[in-house]
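The values are calculated or read from the model by the stated rules, or taken from the named source; none is laboratory data. These numbers were taken from a predicted model, which means no experiment stands behind them. For neighbour counting, all protein chains shown are included, and Cβ atoms are generated from backbone atoms with ideal geometry for every residue, glycine included. Surface areas here come from the heavy atoms of the whole protein model, side chains and all, with no ligands, DNA or RNA. Shrake-Rupley method; radii C 1.70, N 1.55, O 1.52, S 1.80 Å.
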Amino acid sequence: MSTETENPSASANPETKSPPPKAAPKKPEPAPVELPAFEKGISDKIVEKFGDKVEVAFVKEDRVRINVGRENVHEVAEFIRDGLNYDHVESVSGVDYPQDNEIEVVYHIGSYSDSSLARQILVLATRAQRETNPIPGNDATKLPTLRDVFYSVEFHEREVFEMFGVFFEGHPDNRRLLLPEDWADLPPLRKDFAIKGR
Amino acid sequence: MTTELPPGLALQKVDERIMTLNVGPQHPGSGHMRIVVQIDGDYIVACDPDPGYVHRGEEKMAEYRNYITNIPHLERPVIHDSCNVLYPYVLGAEELLGIEVPERAKYVRVIASELNRCIYIMYWLAIYGIFLGHSTMFMWPAGDRELLIDLMEKMTGARVTHAHFVPGGVRNDLPPNFEDVCLRQVNYFEKRIKEYAAVFYDNPILISRTRDTGVLSREDAIRYGTTGSVLRASGVDYDLRIKEPYDVYDELDVHTNVMKEGDSYARSRIPWLDMLESCNIIRQALQKMPKSGSVRVKLKPNPKTKGLESVYKRVESGRGSLGCYIVSDAKTEPYRVKLSVPSFRNLIALPNLLKGEKLGNMPSVYWSLNYWPVEADR
């Protein structure tokens with residue numbers, strides 16, 4: 001039983017140039033964070049318009065994330081559609097934060113009609129109050145719907161309602177979509193809904 | 001002097017003529033999905049899709065497994081397109097864990113992804129053919145996709161669910177002599193699928209059943225947020241392989257297939273054109289691929305991410321843009337994984353497409369959405 005040496009290629013070719021002596025391990029300098037200009041422009045427009053009502057969570061390449069309070073989310077979404085040319089929502093995700101007593105709803109908004117925005121995804125996040133004993137639809141876990149701004153959230157919001165119990169006020173079609181008709185347990189994607197055997 | 005007619009003889013109101021019909025689940029017209037249609041005579045006046053039939057809770061299960069063990073199970077929603085459905089998750093996990101992928105692995109991934117796209121589209125084409133009563137179009141693609149499945153078996157060791165992509169590259173290097181076999185098979189495959197045009201797409205019966213049915217205008221395709229072949233059949237030039245290239249797609253010459261009609265015929269022809277384009281991409285990738293080198297960066301057993309951060313990655317799958325949103329909280333498991341899948345997004349268009357169509361056209365419109373029931377359900 002033979003074991004391979006650590007680096008067979010290096011010992012086989014002794015003529016090969018030896019690597020330059022290792023420099024002393026330098027700590028990577030905390031370079032000044034350079035924000036991508038185009039994405040910065042998008043977030044600046046929103047901040048300029050809404051000021052303290054919005055909070056820019058991050059500006060990365062091709063991605064801008066804006067956190068909004070629930071009372072302003074509809075207004076901001078309208079500005080994103082009319083002022084910034086974003087035209088459809090790709091995905092609506094719920095994220096449960098039991099430690100904050102909140103459920104976050106994240107909209108990923110993209111654009112087909114404006115070619116300069118083809119790579120961009122604008123992430124619009126808002127939070128709803130979370131109930132420990134939820135009665136989906138009849139408790140304080142509510143958000144205004146964006147269905148009248150972006151038609152494409154229609155099924156996505158229904159999915160979030162079923163899976164997290166976030167009721168979207170003003171959605172024209174608040175019915176069940178995925179779960180069985182007689183589902184009476186917690187909304188299944190909340191953190192306190194445990195998988196059997198775990 | 002007119003007398004009022006007795007109730008039984010009075011003319012019926014219009015809405016009393018409307019009948020509710022459950023199509024599916026497990027029906028030749030609908031697959032695993034139930035579509036509740038309301039028909040007036042032969043015409044559909046309303047339609048309510050009900051995708052929740054095989055829900056398996058992929059997203060919930062992903063919160064209980066670490067970044068590596070999630071792989072063989074997150075590919076389950078679309079087993080015939082398993083490389084592509086896994087792709088955005090792997091790209092997202094790489095960004096969260098801060099891994100750089102070797103060059104050769106990127107090419108292997110592109111080849112696997114394009115082969116998988118063809119395998120998926122052939123399966124879809126077989127179903128589309130049989131639901132339109134064209135049984136030759138069921139048997140030919142079902143046989144020809146074996147060629148590509150054999151290639152995938154050589155590459156990954158598995159025929160259907162490969163679990164080949166991992167954060168840091170791909171699981172195994174290509175077997176010896178794979179490039180030659182792949183090139184030969186793909187060339188033959190391309191020659192073979194070109195014959196489908198004569199027997200299927202130029203068939204007058206198919207044309208009469210799909211032309212001008214379920215027309216989706218350009219504005220509506222954008223407004224409903226549709227994606228993939230549905231979007232491109234309505235005249236929107238949007239393909240993530242060009243618009244937001246991932247891995248090595250920016251080094252390859254990729255073309256988008258766009259049609260303007262927006263009817264079922266255009267939606268069913270675009271995937272076929274995509275297969276021809278995939279053959280081109282595979283040939284280019286085989287040529288440009290580095291001939292040797294590592295294909296995988298070894299990870300620590302239970303890799304952890306840095307802190308509470310999120311990433312949204314998307315790729316172009318066989319059905320359209322497929323996104324994955326991962327939230328991590330410095331643990332070995334993801335805090336939340338959300339798949340934004342093209343079948344679910346295209347479903348929003350279905351009620352509006354079927355309104356006003358004849359019931360007999362339902363299969364041709366519904367299957368032209370390139371729909372995979374289990375994917376919408378996750």
Review point. Limited to region B:296-332, what total is found for residues that are among the β-branched types (Val, Ile, Thr), within 19 Å of B:Asp247 (Cβ to Cβ) and surrounded by fewer than 23 Cβ atoms within 10 Å (Cβ to Cβ)?
Key: 2
Practice item. Please work out if B:Gly98 is in contact with a Cys (Cβ under 6 Å, 6 or more places away or on another chain), over 25 Å from B:His32 (Cβ atoms) and within 14 Å of another protein chain (Cβ to nearest Cβ). Key: no
Study note, to complete from the structure: Being more than 10 Å from chain B (Cβ to nearest Cβ), basic (Lys, Arg), surrounded by fewer than 21 Cβ atoms within 10 Å (Cβ to Cβ) and without any contact (Cβ under 8 Å) to a residue 40 or more places away in the chain narrows A:Arg81, A:Arg158 down to just A:Arg158
Check your understanding: So which residues in region B:228-238 are touching an Asp or Glu at 6+ places or on another chain (Cβ under 8 Å) and of a type in the set (Ser, Thr, Tyr)?
Key -> B:Ser229, B:Ser234
Point to revise | Qualifying position, being open to solvent by 10 Å² or more (accessible area, probe 1.4 Å), under 24 Å from B:Lys298 (Cβ atoms), outside any helix (DSSP H, G or I) and touching a residue at least 40 places away in the same chain (Cβ under 8 Å), among B:His134, B:His162 | key: B:His162
Study note, to complete from the structure: In region B:59-89, residues that are crowded, with 22+ Cβ neighbours inside 10 Å and of a type outside the set (A, V, I, L, M) total 11
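For (1) within 14 Å of chain A (Cβ to nearest Cβ); (2) among the hydrophobic types (A, V, I, L, M, F, W, C), each residue gets a yes or a no:
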| residue | (1), (2) |
| --- | --- |
| B:Asp263 | no, no |
| B:Arg269 | no, no |
| B:Glu277 | no, no |
| B:Asn280 | no, no |
| B:Gln287 | no, no |
| B:Ser292 | yes, no |
| B:Lys300 | no, no |
| B:Lys304 | no, no |
| B:Val327 | yes, yes |
Exercise for review: From the list B:Asn66, B:Asn116, pick out the single residue that is modelled with pLDDT under 95, in contact with a Ser or Thr (Cβ under 8 Å, 6 or more places away or on another chain) and in a loop (DSSP other than H, G, I, E, B).
Suggested key: B:Asn66
**Study point:** Subset of region A:126-155 that is away from chain B (no Cβ under 14 Å) and among the charged types (D, E, K, R) - its residue that is farthest from the chain's Cα centre (by Cα)
**Key:** A:Asp139
Revision key, fill the gap. Out of (1) closer than 16 Å to B:Val108 by Cβ; (2) buried (at least 21 other Cβ atoms within 10 Å of the Cβ), the one B:Asp263 does not meet is (1)
Point to revise | Residues that are touching a Gly at 6+ places or on another chain (Cβ under 9 Å), surrounded by fewer than 24 Cβ atoms within 10 Å (Cβ to Cβ) and under 23 Å from A:Gly94 (Cβ atoms), drawn from region B:341-372 | key: B:Ile348
Review point. Taking the stated definitions as given, is A:Asp182 more than 8 Å from chain B (Cβ to nearest Cβ), open to solvent by 50 Å² or more (accessible area, probe 1.4 Å) and assigned to a loop (DSSP other than H, G, I, E, B)?
Key: yes
Exercise for review: Considering every residue within region A:21-28, establish whether at least one is open to solvent by 90 Å² or more (accessible area, probe 1.4 Å), at pLDDT 90 or above and of a type in the set (D, E, K, R).
Suggested key: no
**Study point:** Search result, residues across region B:200-224 that are within 12 Å of chain A (Cβ to nearest Cβ) and either closer than 13 Å to B:Ser268 by Cβ or part of a loop (DSSP other than H, G, I, E, B) (or both)
**Key:** B:Tyr224
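Results for (1) of a type in the set (Gly, Ala, Ser); (2) modelled with pLDDT under 90, shown as yes or no for each residue.
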| residue | (1), (2) |
| --- | --- |
| B:Pro7 | no, yes |
| B:Pro51 | no, yes |
| B:Val54 | no, yes |
| B:Arg76 | no, yes |
| B:Ser82 | yes, no |
| B:Val85 | no, no |
| B:Glu100 | no, no |
**Study point:** Test result for B:Arg34, open to solvent by 10 Å² or more (accessible area, probe 1.4 Å), free of Cβ contacts under 8 Å to residues at least 60 places away in the same chain and within 14 Å of chain A (Cβ to nearest Cβ)
**Key:** yes
Exercise for review: Would you check if B:Pro175 is closer than 30 Å to B:Ile326 by Cα and open to solvent by less than 60 Å² (accessible area, probe 1.4 Å)?
Suggested key: no
Check your understanding: Quick check, is B:Gly293 buried (at least 24 other Cβ atoms within 10 Å of the Cβ) and at pLDDT 90 or above?
Key -> no
Point to revise | Residue match in region B:178-185 (condition: open to solvent by 30 Å² or more (accessible area, probe 1.4 Å) and farther than 25 Å from B:His255 by Cβ) | key: yes
Point to revise | Residue satisfying all of: in region A:66-97; in a strand (DSSP E or B) and among the β-branched types (Val, Ile, Thr); farthest from A:Ile121 (Cα to Cα) among these | key: A:Val95
Check your understanding: Which condition does B:Leu231 not pass, out of (1) in contact with a Lys or Arg (Cβ under 7 Å, 6 or more places away or on another chain); (2) of a type outside the set (S, T, N, Q); (3) within 12 Å of chain A (Cβ to nearest Cβ), if it passes all the others?
Key -> (1)
